[in-house]
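Asker: Okay, here's the structure, questions in a sec.
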Amino acid sequence: MKQVILSKSFAGTVLAASLLAALFAVPAFVSAQEKSADETNMEILRDKLKADKKLVVAANMSLTDVEAKAFWPIYEEYQTELGAVNTRLRKTIESYAEAYNTNTLTDEMAKKLIAEVSAVDESEVQMRKSYAAKLDKVLPGKKTARYLQIETKIRALVRYELAAEIPLVE
C-alpha cells in the first residue's frame, strides 16, 4: 500500500511550520517589550517543534529497524546543521527588521542582505547534497528521496510563512 507523504500528519506539519516561521519573523517585527515576553517561551517552543517534526518524519519514512538505527543519527546531524542555517537566516531577517522598523534601510544594506540570503540558500543546498550522499549509504534511494522530499516540503511551508510575515522593502 502506497503512503502519501505527510497525508496523516499534514495539518501538524503546517502548524509546526507556521510556528517555526513565527520563531524567525514575528519577534523581529515587534516591539522590544513584546520581544522580551516572546523570548521567555522560545526554547520550549523550539523543543516542541523539533519533537513534532521528528514524529512527522518517523510517521512517513516506514524505516526498518536496521534503517532506523542508521538513519536517526544522520537525521540529528542534519537538524543540527539546519539549525545553523536557520540561525543565519534569522539574523538576516532581524537585520532587515531593525532597518525596516527604524526606516534606515539603505541600498547598500539591501545589497548586503540579498547577498547573505543567497549565501544562506547556497549553504542549505550544499548541505542537502552532502546529506543525500550520507543517506544513500544507509538507505535505499527511494527512502533517501522520500526524506529529502519531507524536508523540502517542511522548508517550503516555513519559507511561505516567512514570506507572509516579512514586509516588502520600501
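The values are calculated or read from the model by the stated rules, or taken from the named source; none is laboratory data. Keep in mind that what you see is a predicted model, and the values were worked out from it rather than measured. Ideal geometry is used to build each Cβ from the backbone, glycine not excepted, and the neighbour counts take in all protein chains shown. Ligands, DNA and RNA are stripped out before the accessible areas are found, and what is left, the full protein with its side chains, is counted by its heavy atoms. Shrake-Rupley method; radii C 1.70, N 1.55, O 1.52, S 1.80 Å.
Asker: For region 124-135, what does the Karplus curve 6.51 cos²θ - 1.76 cosθ + 1.60, with θ = phi - 60°, yield as ³J(HN,Hα) per residue in whole Hz, taken in order and with x for Gly and Pro?
Answerer: Values, residue by residue: 5, 5, 5, 5, 4, 4, 4, 6, 4, 5, 5, 5 Hz.
Asker: Pop out the carbon and sulfur fraction of the accessible area of region 32-170 as a percent, whole number, probe 1.4 Å. All intermediate terms of the calculation are to be shown ahead of the outcome.
Answerer: Numbers: 4870 of 8620 Å².
Carbon plus sulfur share of accessible area: 57 percent.
Asker: Would you kindly derive the ³J(HN,Hα) couplings of region 140-153 from the backbone phi angles with the Karplus curve 6.51 cos²θ - 1.76 cosθ + 1.60 (θ = phi - 60°), listing them in order in whole Hz, with x for Gly and Pro?
Answerer: Running phi through 6.51 cos²θ - 1.76 cosθ + 1.60 with θ = phi - 60° gives x, x, 5, 6, 4, 4, 4, 4, 5, 5, 4, 4, 5, 5 Hz.
Asker: Mind listing the Cα extents of region 59-170 along all three principal axes, in Å, largest one first?
Answerer: Computed over region 59-170, the largest-to-smallest principal extents equal 55, 22, 18 Å.
Asker: Filter 53/112; 69/137; 54/142; 91/143; 54/153; 48/142 down to the pairs with a C-alpha to C-alpha distance above 24 Å, please.
Answerer: The pairs that break the limit, which is 24 Å between Cα atoms, are 53/112; 91/143; 48/142.
Asker: In nm, what is the difference between 0.36 nm times the number of residues separating residue 148 and residue 110 and their Cα-Cα distance?
Answerer: On the way: separation 38, 0.36 × 38 = 13.68 nm, distance 3.15 nm.
Full-extension gain reported as 10.5 nm.
Asker: Shifting gears a bit: Kindly state, to the nearest 0.05, the FRET efficiency for residue 138 paired with residue 88, given R0 = 45 Å and r defined as their beta-carbon distance.
Answerer: 0.95
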